[in-house]
Amino acid sequence: MNVLVINCGSSSLKYQLIESASEAVLAKGLCERIGIDGRLVYQKAGLDKEITEAAMPTHKEAIQMVLDALHNPESGAVAKLSEIGAVGHRVVHGGEKFSSSVVLTEEVLKEIEACNDLAPLHNPANLIGIRACKELMPGVPMVGVFDTAFHQTMPKKAYLYGLPYEYYEKYKVRRYGFHGTSHSFVSKRLIQFLNLDAADSKVIVAHLGNGASISAVLNGECVDTSMGLTPLEGLVMGTRSGDIDPAIMEFIAKKENLDITGIMNVLNKKSGVEGLSGVSSDFRDLEKAYNEGNERAIAACEVFAYRVAKYIGSYVAAMNGVDAIAFTAGIGENTSFIREKILAYLGYLGITMDAEANKVRGEEKVISTPDSKVKVCVIPTNEELAICRETVALV
Ligand code: AMP
């Protein structure tokens, strides 16, 4: 079956068409600047990218353009649209309602809408994409795959904050966690790759991308994760602060004369390794500046790696041990000097890194030595493929 995977943002939309039996990507691309001017990037497997500038006032026109490109007689990936058997949509927040993927009925869409205030930037955009797809592809089954679902197995002690309990009861303020599709995909693949017994395994997944999170997976189920009610908590990220003393917010608000919106903007967009270094949020730029001796870039890289190492230590405590650790996403898969810095803190676990193997970029590999007590691997994530598999399983 050909599955169209859609990841809708507020002004952009990424897509892939995947043939589910071979798991081959038939075509992929994105729509950018939806509602502004509009740009479609389309690439059929084996061919060059095609870029079309065209007005897309709403997500509906954007999806129409994607569908037109997919069955265009010259470079289309399918001869007719009826060859697309199902659509898998990424949905950011499923609240406590969704602990697994679901077929998107009208009733389910209403329940997703009820989670909108937990992810006000993402869920409404996801819903617009789903509704536009339903309108343009009537009768084609649609599945929602949630970023939060994999983390729903966390115990109460891991998801409750030390806040008045009524905020949890009234407003559902708790830890949800994000990147769940990636944590699920990578933890399963890690267990398979190392031939571990899924029912008796302790693994930690470090998803280190522009947004970064880490999770503890005990016997195949998530027991803790670093992102919280929102994706701001936890690790130091590209431009997000991660964990800070909450009192800093009031302190800086007074000093800089900022309101709560201004403070949130600083914590989400002006902090992290970019805010620390003043160089970039991209580790390719940071590595260059680090090697040139830029002190702030050096500090940013040290802070980033130290925070990851501290979380790994806390998750070893949460699971009373660890069998294997996986690095994934842009930084986890590609940036060997950061992996090396993180692993340098973990000698007490009996971890030894294989310096040669750690040069790997973007492919599955064990990067610990054969005698390392804990196996450490690079496992590339593939959220689109994970969404495709979930979709096929449900339709
Ligand atoms: P992601 O959010 O998973 O796409 O990761 C994005 C981040 O990964 C970028 O900001 C870079 O810091 C890092 N990254 C991606 N590719 C590379 C690469 N080839 N070498 C070093 N860092 C990379």
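The values are calculated or read from the model by the stated rules, or taken from the named source; none is laboratory data. Since the structure is predicted, the reported quantities are computational estimates derived from the model, not experimental observations. Glycine also receives a Cβ, built like all others from the backbone with ideal geometry; neighbour counts cover every protein chain displayed.
Which residues, counting only those in the range 175-191, are among the basic types (Lys, Arg) and touching a residue at least 60 places away in the same chain (Cβ under 8 Å)?
ARG189
Identify the single condition in (1) farther than 30 Å from LYS202 by Cβ; (2) within 14 Å of the ligand (Cβ to nearest atom) that ILE260 does not satisfy, given that it satisfies every other one.
(2)
Regarding the range 48-68, can at least one residue be identified that is touching a strand residue (DSSP E or B) at 6+ places or on another chain (Cβ under 8 Å) and among the polar types (S, T, N, Q)?
Looking through the range 48-68, at least one residue is touching a strand residue (DSSP E or B) at 6+ places or on another chain (Cβ under 8 Å) and among the polar types (S, T, N, Q).
With the requirement that a residue be of a type in the set (Val, Ile, Thr), touching a Gly at 6+ places or on another chain (Cβ under 7 Å) and under 23 Å from SER314 (Cβ atoms), what does the range 226-281 give you? I'd like the intermediate steps shown before the answer.
Step one: filter the range 226-281 for residues of a type in the set (Val, Ile, Thr), giving 230, 236, 239, 244, 248, 252, 260-261, 263, 266, 273, 279.
Still in the list and also touching a Gly at 6+ places or on another chain (Cβ under 7 Å): 236, 239, 273.
Answer for the range 226-281, where residues must be of a type in the set (Val, Ile, Thr), touching a Gly at 6+ places or on another chain (Cβ under 7 Å) and under 23 Å from SER314 (Cβ atoms): VAL236, VAL273.
Count, please, the residues in the range 281-313 that happen to be of a type in the set (Gly, Ala, Ser), within 19 Å of SER213 (Cα to Cα) and more than 12 Å from the ligand (Cβ to nearest atom). Walk me through how you get there before you give the answer.
The first filter runs over the range 281-313 and keeps only residues of a type in the set (Gly, Ala, Ser), leaving 281, 289, 293, 297, 299-300, 305, 309, 313.
Cutting the leftovers down to within 19 Å of SER213 (Cα to Cα) gives us 281, 300, 305, 309, 313.
When the remaining residues are screened for being more than 12 Å from the ligand (Cβ to nearest atom), the result is 305, 309, 313.
Total meeting the criteria: 3.
Among the residues of the range 363-381, which ones are closer than 18 Å to ALA212 by Cα and not aliphatic (A, V, I, L, M)?
The answer is CYS377, PRO380, THR381.
Confirm whether VAL173 is closer than 26 Å to LYS269 by Cα, β-branched (Val, Ile, Thr) and in a loop (DSSP other than H, G, I, E, B).
The answer is yes for VAL173.
Can you list residue pairs whose Cβ atoms sit under 6 Å apart, with the first residue in the range 316-331 being under 17 Å from ILE191 (Cα atoms) and within 16 Å of the ligand (Cβ to nearest atom) and the second being part of a loop (DSSP other than H, G, I, E, B) and hydrophobic (A, V, I, L, M, F, W, C)? Count only pairs 6 or more apart in sequence or on different chains.
Between residues of the range 316-331 that are under 17 Å from ILE191 (Cα atoms) and within 16 Å of the ligand (Cβ to nearest atom) and residues that are part of a loop (DSSP other than H, G, I, E, B) and hydrophobic (A, V, I, L, M, F, W, C), the close pairs are ALA326/ILE379; THR328/ILE379.
Tell me which residues, restricted to the range 294-315, are of a type outside the set (Gly, Ala, Ser) and either under 25 Å from MET227 (Cβ atoms) or within 21 Å of the chain's Cα centre (by Cα) (or both).
Answer for the range 294-315, where residues must be of a type outside the set (Gly, Ala, Ser) and either under 25 Å from MET227 (Cβ atoms) or within 21 Å of the chain's Cα centre (by Cα) (or both): CYS301, GLU302, VAL303, PHE304, TYR306, ARG307, VAL308, LYS310, TYR311, ILE312, TYR315.
What are the pairs, 6+ residues apart or on separate chains, where a residue within the range 276-292 that is touching a residue at least 24 places away in the same chain (Cβ under 8 Å) has its Cβ under 6 Å from a residue that is outside any helix (DSSP H, G or I) and near the ligand (Cβ under 8 Å from one of its atoms)?
Listed by first residue and then by second, the contacts come to SER281/GLY238; PHE283/THR335.
Kindly indicate the residue of the range 161-181 that is buried (at least 24 other Cβ atoms within 10 Å of the Cβ) and not hydrophobic (A, V, I, L, M, F, W, C) and also nearest to the ligand (Cβ to nearest atom) among those meeting that condition. Can you show your working first?
Going residue by residue through the range 161-181, those that are buried (at least 24 other Cβ atoms within 10 Å of the Cβ) are 176-181.
With not hydrophobic (A, V, I, L, M, F, W, C) added as a condition, the list becomes 176-177, 179-181.
Numbers: TYR176: 19, GLY177: 17, HIS179: 9, GLY180: 15, THR181: 13 Å.
The extreme case among them is HIS179.
Any idea which of (1) surrounded by 15 or more Cβ atoms within 10 Å (Cβ to Cβ); (2) outside any strand (DSSP E or B); (3) among the β-branched types (Val, Ile, Thr) is the one ILE36 doesn't satisfy?
Result: ILE36 passes all but (1).
Enumerate the helices (runs of 4 or more DSSP H) found wholly within the range 48-153, keeping only those where 2 or more residues are surrounded by fewer than 20 Cβ atoms within 10 Å (Cβ to Cβ) and in contact (Cβ under 8 Å) with a residue 60 or more places away in the chain.
By residue number, 59-70, 123-136.
May I ask you to verify whether ASP200 is surrounded by 19 or more Cβ atoms within 10 Å (Cβ to Cβ) and among the acidic types (Asp, Glu)?
Working: surrounded by 19 or more Cβ atoms within 10 Å (Cβ to Cβ): no; among the acidic types (Asp, Glu): yes.
No; evaluated as a whole, the condition is false for this residue.
Looking only at the range 53-103, how many residues end up being in contact with a helix residue (DSSP H, G or I) (Cβ under 9 Å, 6 or more places away or on another chain), more than 22 Å from VAL143 (Cβ to Cβ) and at pLDDT below 95?
Total satisfying the criteria: 6.
Determine whether LYS156 is surrounded by fewer than 17 Cβ atoms within 10 Å (Cβ to Cβ), charged (D, E, K, R), more than 17 Å from the chain's Cα centre (by Cα) and on the phi > 0 side of the Ramachandran plot.
Taking the combined requirement at face value, the residue does not satisfy it.
May I ask you to verify whether LEU229 is under 25 Å from ILE6 (Cα atoms) and touching a residue at least 12 places away in the same chain (Cβ under 8 Å)?
The answer is yes for LEU229.
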